[in-house]
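Quick notes on the structure that follows.
Derivation of every value follows stated rules applied to the coordinates shown; laboratory data play no part. This one's a predicted model, so the numbers in the text were calculated from it and none came from an experiment. As a convention, Cβ positions derive from the backbone with ideal geometry for all residues, glycine included, and neighbour counts pool all protein chains shown.
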Ligand code: NAP
C-alpha cells in the first residue's frame, strides 16, 4: 500500500483512521499516495487554530506577518524541485504548466510580503477619515478594519494545488487569520507537502496553518460565526455550501469562485494577419492548451466578426495541430494530462454536448499521444468547435452556459459590435474577458461595456502585445473573481484581498478617543 499522508490539525500531525483514498498518476495510472481525514477531532482542531493560531498571529504586526510570508517564499523556492516532481506525478503537467501553479504561488506570496511590509507596525487598519456626527465635530465616526477572530477554511479545487492554497493563505495570514485548508482529493499531495514543509520549518505560530486531506465531511458543521469560508470549485458544490446552516444561519462569510465561460473578443476592423488578429490567435491557443485547459480563467468562447470566422478557424487550428500531447516527462510534449479518468470522462461528455450545437473545426481526437497509453493516460487533444454563422451563435445555448473543463473552445462569429457584446454577456458573469484590437477608443468602450459582468477585462492591443500578462494568468495585483455564474467572489486585487479577512466596524466617539489611533 502507498504512503498515507498525514493531516495537520490541533498543532499535530495525525493520520486518518480509515483505509484512505488513493491519489493516482494520471499519465501512468499507478497509485501514488493515500489521504484520509476519518476520525479527526475537527471541533478541537478548529478551536486550537482559532485560539492558539489566531491569537498568536494577531499579536504580531502586519510587518512581522509579512516577514513570515517572505520566509515562506524562501522555503518554497528551496524545495521547488520536489514540488515540480509531485506536480508531474500527480497532475500530469508539463514543466511550464507546473510552473503556473508553483511559481505562481511563490510570486503571489512574494507580492503580499511586499504589500504587507508597507503596512508597517500596525495591528489593525484605519478605514477612511473620521466623519463628523455633531455639528461642531465634537462627536465623530471612525471606521476600522479588524482581523476576524475566527479561522479561514479553504475548500479548494484540484487544478491549482499550490497557487490555490497560497493565493488565499497569503492575504489571510497577513491579516492575522489562521488557515485550515482542505485541498481537492485528486491532487492533495502538493498542498499537503507545502504545508508540511512550512509547518516543519517553524515559520508560523502553532495553529496558524492546518491541512485536512480527504473527505470534507464535518468541516462546515464545525464553522462558527466569526470564521470565513473560501471555496473554489464547481457551481453544484458551491450551491450546497451556500445552503449549509453555517452560511445560511450562522452568517459565516463565504467567498465563492466557481465555473466561468470566459471570452476572447476580436473587435471589428481587424484584417486576418493583422497584429491584433495574431495576438488573439496566439492567446486562444495558449489558453486552450496551458494545463490542458484546466484553468478557471481559460478562454472558452472566441468571438470574431463573421467575415473572419474561416480565417480564425484556420489560424487557430494550424497552431493547435502542432501541439504534442502525452507524457509530460517526454521533452517533446507540450500538453500533459487531465487530472483524472473522471475529469477525462467529464470533458468528453461536455465535448459531445457542445458538438450537438456546433461544428468541429479542429478535432482533438486526431492527436496521437506521445509516450502514453491511451487506455491509461488521461490525455486528450485540444478541440476547437465553431457555431458557423451569427445565427448559429444565437442558437447555440450550451456554448454560452456550459463549461468544459479541458482543452476545448468554441469560435463564435458575430454580426456587429452590439451583437458581440450581447453574446459575451450570455456567459452571465465570468472571471475574465480579453479584448483584441488596435483602436484604443473602441477597446476602452468595449471594456466599459463588459466590466460589470467580469472580474477582470484584459485588453490586448499591439502596444501591449509583447508585455501583457496573459488572459488567464491571475496576477495578485488585480482582482480575481467574477459575478453571477462565476460565483460572485472577489480574491486578490492587492490589499483589497485583506477585506475578506477583516471586519469593518465604526467607532463613534469624541475626537480625543479617536485620536488614540491617529495615523502615524
Ligand atoms: P468540486 O467537485 O466542486 O470540488 C471542489 C472542492 O470541493 C474539492 O476540495 C472537493 O473535495 C470539495 N467538495 C466536494 N463536495 C463537497 C461538499 N459536499 N462539501 C464540501 N466540500 C466539497 O469541483 P471540481 O470539479 O473538483 O473542480 C473543478 C471546478 O472548479 C471547475 O468547474 C472550475 O470552473 C472550478 N474552478 C474555479 C476556479 C475559480 O477561481 N473560479 C478555479 C479553479 C476551478 P473532494 O476533492 O474531496 O471531492
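For this structure, a couple of remarks:
- Fraction of antiparallel bridges per DSSP, segment 262-476 only, in percent to nearest 5: 10
- Rg/Rh (Cα only; Kirkwood hydrodynamic radius) as it applies to segment 6-164: 1.10
- At full extension, residue 506 and residue 74 could sit 151.7 nm farther apart than now, given 0.36 nm per residue minus the alpha carbon distance.
- Paramagnetic reach from residue 467 (point 7 Å along Cα→Cβ, amide N under 14 Å) across segment 285-320: none
- Rg/Rh ratio calculated on Cα atoms of the chain (Kirkwood radius): 0.99
- Taking the fewest neighbouring Cβ atoms within 10 Å as the starting point, the ordered list for 13, 166 is 13, 166.
- Tilt relative to the chain, helix 80-91 - C-alpha long axis, 0 to 90 degrees, to 10: 60
- With the simple spin-label model, which puts each label point 7 Å out from Cα in the Cβ direction, the residue 149 to residue 365 separation comes to 6.2 nm.
- Per-residue Cβ neighbour counts within 10 Å put 175, 292, 469 in the sequence 469, 175, 292, beginning with the fewest.
- Cα principal axis extents for segment 301-340, largest first, Å: 41, 21, 8
- Oblate is the label for segment 152-266. Its Cα gyration tensor axes, ordered a ≥ b ≥ c, give a/c of at least 1.5 and b/c at or above a/b.
- Prolate is the label for segment 233-324. Its Cα gyration tensor axes, ordered a ≥ b ≥ c, give a/c of at least 1.5 and a/b above b/c.
- Segment 281-355: C-alpha gyration tensor shape, a/c 1.5 cut-off, then a/b vs b/c: oblate
- Computed over segment 262-476, relative contact order equals 28 percent, with contacts defined as Cα pairs under 8 Å that lie 6+ residues apart.
- Å³ per residue enclosed by the Cα convex hull of segment 459-500: 79
- The Cα center of segment 470-515 and the Cα center of segment 360-422 differ in position by 35 Å.
- Kirkwood hydrodynamic radius over Cα pairs of segment 297-428, then Stokes diffusion coefficient at 4 °C and 1.567 mPa s, in µm²/s: 84
- In percent, rounded to a whole number, the relative contact order of the chain is 17, using alpha-carbon pairs under 8 Å and six or more apart.
- Highest mean packing first, where packing is the average number of other Cβ atoms within 10 Å per residue, the peptides 337-348, 98-109, 126-137 line up as 98-109, 337-348, 126-137.
- Neighbour counting of Cβ atoms within 10 Å sorts the residues 362, 468, fewest neighbours leading, into 468, 362.
- Antiparallel %, DSSP beta bridges [both residues in the chain], to 5: 40
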